[in-house]
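As structure tokens, the structure follows; a few thoughts come after it.
Throughout, read-outs are computed from the coordinates displayed, never taken from laboratory work. Predicted, not measured: the structure shown is a model, and the values here were computed from it. With ideal geometry, Cβ positions are generated from the backbone for all residues, glycine too; neighbour counts draw on all protein chains shown.
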Amino acid sequence: MDNLRRFTAAAVQAAPVYLDPAATVDKAVALIAEAAGNGAELVVFPEVFVPGYPYWNWTMNPVQGSPWFERLQRASVEVPGPHVDTLRAAARQHGVTVVIGVNERVPYSLGVLYNTLLTIAPDGELLGVHRKLVPTWAEKLTWTGGDGSSLRVHSTPVGPLGVLACGENTNTLARFALLAQGELIHASCYIALPVAPADYDMADAIAVRTAAHSFEGKVFSVVACSTVSPEIVDALAGDDEELRKQFTRPRSALSGIFGPDGRPVSDPLVDDEGIVYGEIDLARCIQPKQMHDIVGHYNRFDVFRLEVDNRPRPPVTFTVPPAPAPAPAPPTTATTTSEEDA
């Protein structure tokens, strides 16, 4: 039990530099330095922080939103790639574990983007690339769903760490799959959602989901949510006053750290940019587990069974590898016969 760490975690609540991956990565690097300077060993960023969220899916029809999809495709990052290398270098420089959301593009299709969470170790190693399993509602116009290969808990210096993006934190089986792998620290990454239905309080929704996972699993959760900057409002709302009012709606974001009793360990941050810090003491997970351990004694595995298909799902699989290309013929040397030889 000597590996049950006590450390400071940081939840970043911030807006990206919208659709500018280089500038957003620079902002992330500065925030990593700030959090590490304040003693954080784990720094969690919002969903698709690099380079932002496709809000147009909620405010435009698909034809109107298509040019915006192209802008996002062009501004998305490759994994691995130079922007990821910069983030890895920052984690290594400051000796912190980093979780950050990116829009990931792939080399085989211009129509595919993934909502991806990167988990980076303090030595800069890229531990995990989790692609959101199911894009939520309007997000299906932008993102392709991931597969079960990335539904993993990673061994990190701060402890066993699992990650899920936004609505995945309502997916009971996805959460159970992480808990059953020994997750003790859960990173849940969100976006501010002022464009949700009028009766939907995003801050409350985030708090309820985070508290539920922490309480059910007896784990710590670090939840990080983006904000909506005036730049984003100007870009997507323009002169439409109704949209501008919608984009500036309060209680659209919440970030914080929650303990295994489901309660925040420090005051969450609502709407404003900033970093929330909280102390995580993994030893606090032990006694609650004696009461309810849903991946152990408080379950009936003779009655219930969860099977996860964790095979990668590439777009094509070749049953027989292509035959190697034939080796080039050796060069020939021309010979001539002299009159004396003849």
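Need the C-alpha centroid separation for the range 256-309 versus the range 218-252, integer Å.
Here the two parts' Cα centres lie 27 Å apart.
Could you pull out which residues in the range 114-137 have an amide N less than 18 Å from a spot 7 Å beyond the Cα of GLN73, following the Cα-Cβ vector?
114-116
What is the magnitude of the charge dipole of the range 3-158 about its Cα centre, with +1 placed on the Cβ of each Lys and Arg, -1 on the Cβ of each Asp and Glu, and no other charges, expressed in debye to the nearest 20?
My answer is approximately 220 debye.
Computed from the coordinates I sent, percent of Cα pairs over 29 Å apart equals one of [x] 36; [y] 41; [z] 48. Tell me the label.
For percent of Cα pairs over 29 Å apart, the calculated option is [y].
Nearest 20 debye, what's the magnitude of the dipole of the chain about its Cα centre given +1 on Lys and Arg Cβ and -1 on Asp and Glu Cβ?
With Lys and Arg at +1 and Asp and Glu at -1, about 1020 debye.
Among the lysines, which fall within straight-line cross-link reach of LYS132, defined as a Cα-Cα distance under 25 Å, with same-chain neighbours fewer than 8 residues apart omitted?
Filter leaves LYS27, LYS140, LYS218.
Using +1 at the C-beta of Lys and Arg and -1 at the C-beta of Asp and Glu, which of VAL134, ASN299, THR170 has the Cα lying farthest in the positive direction of the dipole of the chain?
Highest projection toward the positive end goes to ASN299.
With θ set to phi - 60° and the Karplus curve 6.51 cos²θ - 1.76 cosθ + 1.60, what are the ³J(HN,Hα) couplings of the range 168-183 in order, to the nearest whole Hz, using x for Gly and Pro?
With the stated coefficients, the range 168-183 comes to 4, 6, 9, 8, 4, 6, 5, 5, 5, 4, 6, 4, 6, 8, x, 4 Hz.
Nearest 500 deg cm²/dmol is fine: what mean residue ellipticity at 222 nm does the chain get from its DSSP H runs of n ≥ 4 alone, each adding -39,500 (n - 2.57), divided by its residue count?
-8000 deg cm²/dmol
Once you charge only the Cβ atoms, +1 for Lys and Arg and -1 for Asp and Glu, what is the size of the charge dipole of the range 200-257 about its Cα centre, to the nearest 20 debye?
Working: 6 positive and 9 negative charges, 84 e Å.
In total the dipole reaches around 400 debye.
Work from the charge dipole of the chain (Cβ charges, +1 for Lys and Arg, -1 for Asp and Glu, about the Cα centre) and give the residue of GLY146, VAL43, PHE215 farthest towards its positive end.
PHE215
Which of the chymotrypsin sites (Phe, Trp or Tyr not before Pro) found in the range 59-159 are loop residues per DSSP with 11 or fewer other Cβ atoms within 10 Å of their Cβ?
In loop regions of the range 59-159 (DSSP not H, G, I, E or B), the sparsely surrounded chymotrypsin sites (Phe, Trp or Tyr not before Pro) are TYR108.
Highest first, please rank the peptides 320-328, 230-238, 214-222, 58-66 by the mean number of other Cβ atoms sitting within 10 Å of their residues.
The most tightly packed comes first, giving 214-222, 230-238, 58-66, 320-328.
Share of antiparallel DSSP beta bridges in the chain, in percent to the nearest 5?
Here the share of antiparallel DSSP bridges comes out near 60 percent.
At what distance in angstrom do the alpha carbon centres of the range 122-142 and the range 31-50 lie from each other?
The distance from the Cα centre of the range 122-142 to that of the range 31-50 comes to 18 Å.
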